[in-house]
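Beneath this line is the structure, given in structure tokens, with notes to follow.
Rule-based calculations on the coordinates, nothing more; no lab input. Here the structure is a predicted model, which is why all the values come from computation and not from measurement. Don't worry about glycine lacking a Cβ; one is built from the backbone with ideal geometry, like all the others, and counts go over all protein chains shown.
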Amino acid sequence: MNATDPVANLAALIRCPSVTPAEGGALALLQSLLTPLGFAVERMTATEEGTPDVENLYARIGSEGPHLMFAGHTDVVPVGDEAAWSHPPFAAEIADGDMFGRGAVDMKGGIACFVAAIARHIEKHGQPKGSMSFLITGDEEGPSINGTSKLLEWAAAKGETWDACVVGEPTNPDQLGDMIKIGRRGSLSGHITVHGVQGHAAYPHLADNPVRGLLQLTHALMSPAFDNGTDNFQPSNLEVTTVDTGNAATNVIPARATAAFNIRFNDTWTAETLRAEIIRRLDEAAATGDLRPDRSPVRYDLVWADRPSHVFLTRNNALISSLSGAVAAVTGKEPKLSTTGGTSDARFIKDYCPVVEFGLVGQTMHMVDERVAVEDLETLTRIYQTFIERWFDHAVS
């Protein structure tokens, strides 16, 4: 198989049914593509009690600096209703200029293109002027416990260090060249339980409706706004994502009410200062409010979700300018530098080296009939190839 062809690379990867946490043959395929190029390939399985084991891959070519990493994931989300697909989700069929398949854009397509780009680079120039590595996980779409974070720890313990990283997530909203992600907002989640007194809906004075208290608390979380945004980030935004009483009866006041929330926050906050602000708001709302006149303060418990994602912003000019310049050279477009969207595994990588994200157009990711324009695969490969040349030229100058 010729690794320089991104279309063939992607078709082979899509045909590997690597739904999290299954390896599905995807890492074995990558190993077969990278080893002939001169990469030393290692596969490690990460484990943690209560979570499925996950196999990951690390491959490196070269032994000297500078060291450029490409990071991504071969695991994909489930296909959903397979009968709703117009083409089988693991067949990689091409129709009307698009390749269909789960993972086509998120993100086997990015991996396929970067493999093709480095293969072309080696074919044209020989080995890189320093080192390159692939850090590929099978746990990005899952709990993200036995994936990139543990693979980084494992590699770092072996003495690996990196100067820069590109994550091949689908960052472009409409067309290739639209957007490079140079940072991400943080993410913090929590779960509130309000305790009341169960009773008959016709005799509310004998009960204490926890829904009233929960409404007071959730209103305080959503208003006023946490901030107005910063130069590089959108305003922080909190959403209440679940509300429940576990009560099927319409004439019974429930004993408790629960709500979950998630806030995506900018660099005005850290996870620690944000937790403190949320607790302040909840305590203030628990003691006041007109939904519970003449009642004692709302009794509530707050449980934080494990492992918040921390906000970060990459300011490395060599990395950003090399990638922006490559995008402009190939597409003629000046990409927007953005911090929008959700979280990605870049949140782990940023603790080891500067990191940015750039990949395919993400309009169909996680959808039925996920697909990628075949011509975009060639364009992205040329962008990555140009970036590799520019980055090493910049890094060794």
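Going by alpha carbons, how many degrees (0 to 90, nearest 10) lie between the helix axis of 271-287 and the longest principal axis of the chain?
Compared with the principal axis, the helix lies near 20 degrees.
Roughly how tilted is helix 374-396, in degrees to the nearest 10 and between 0 and 90, from the longest Cα axis of the chain?
It works out to around 80 degrees.
Which one is right for this structure if Cα extents along the principal axes in Å is calculated from it: [x] 65, 46, 39; [y] 88, 50, 37; [z] 81, 48, 41?
Recomputing Cα extents along the principal axes in Å here gives the entry labelled [z].
Taking amide H atoms as placed 1.01 Å from N in the peptide plane, list the residues 5 or more away in sequence, or in a different chain, whose amide H sits under 5 Å from that of A22.
Counting only residues 5 or more places away or on other chains, the set is empty.
For the chain, what proportion of DSSP beta bridges, expressed in % and rounded to the nearest 5, is antiparallel? The partial results should precede the final answer.
Numbers: 47 of 66 bridges.
If we restrict to bridges inside the chain, about 70 percent are antiparallel.
For K336, which sequence-distant residues (separation of 5 or more, or a different chain) have an amide H within less than 5 Å of its own amide H, given hydrogens modelled in the peptide plane?
For K336, whose amide H was placed from the backbone, the distant partners under 5 Å are M179, I180.
To the nearest Å, what is the center-to-center distance of the stretch 349-387 and the stretch 154-192, using C-alpha atoms only?
With the stretch 349-387 and the stretch 154-192 each reduced to a Cα centre, they are spaced 12 Å.
From the phi angles alone, apply the Karplus equation (6.51, -1.76, 1.60; θ = phi - 60°) to the stretch 220-234 and give each ³J(HN,Hα) in whole Hz, x where the residue is Gly or Pro.
Running phi through 6.51 cos²θ - 1.76 cosθ + 1.60 with θ = phi - 60° gives 5, 6, 8, 8, x, 4, 6, 6, 9, x, 10, 4, 10, 9, 5 Hz.
For the stretch 315-324, take each phi angle, set θ = phi - 60°, evaluate the Karplus expression 6.51 cos²θ - 1.76 cosθ + 1.60, and give the result in whole Hz per residue in order, putting x for glycine and proline.
Going residue by residue, I get 10, 6, 5, 4, 5, 5, 5, 5, 6, 4 Hz, with x marking Gly and Pro.
Only four residue types carry charge here, +1 at the Cβ of Lys and Arg and -1 at the Cβ of Asp and Glu. Report the dipole size of the chain about the Cα centre in Debye, rounded to the nearest 20.
Working: 31 positive and 50 negative charges, 140 e Å.
Computed about the Cα centre, the dipole is about 680 debye.
Determine the alpha carbon to alpha carbon distance for each of K129/K181; K124/K336; K108/K129; K181/K333; K124/K333 and list only those over 22 Å.
Values: K129/K181 26 Å; K124/K336 30 Å; K108/K129 26 Å; K181/K333 15 Å; K124/K333 26 Å.
Violating the 22 Å limit, Cα to Cα: K129/K181; K124/K336; K108/K129; K124/K333.
Enter the angle in degrees (range 0 to 90, nearest 10) between the Cα long axis of helix 148-157 and the first principal axis of the Cα atoms of the chain, meaning the one along which they spread out most.
Once rounded, the angle reads 60 degrees.
Quick query: amide H of V252 versus all other amide H atoms, modeled in the peptide plane; which residues come in under 5 Å with a sequence gap of 5 or more or a different chain?
Under 5 Å from the amide H of V252: A201.
Go through A220, A259, S187 and say which Cα lies farthest out towards the positive end of the charge dipole of the stretch 186-304; charges sit on Cβ, +1 for Lys and Arg, -1 for Asp and Glu.
Final value for the positive-end residue is A259.
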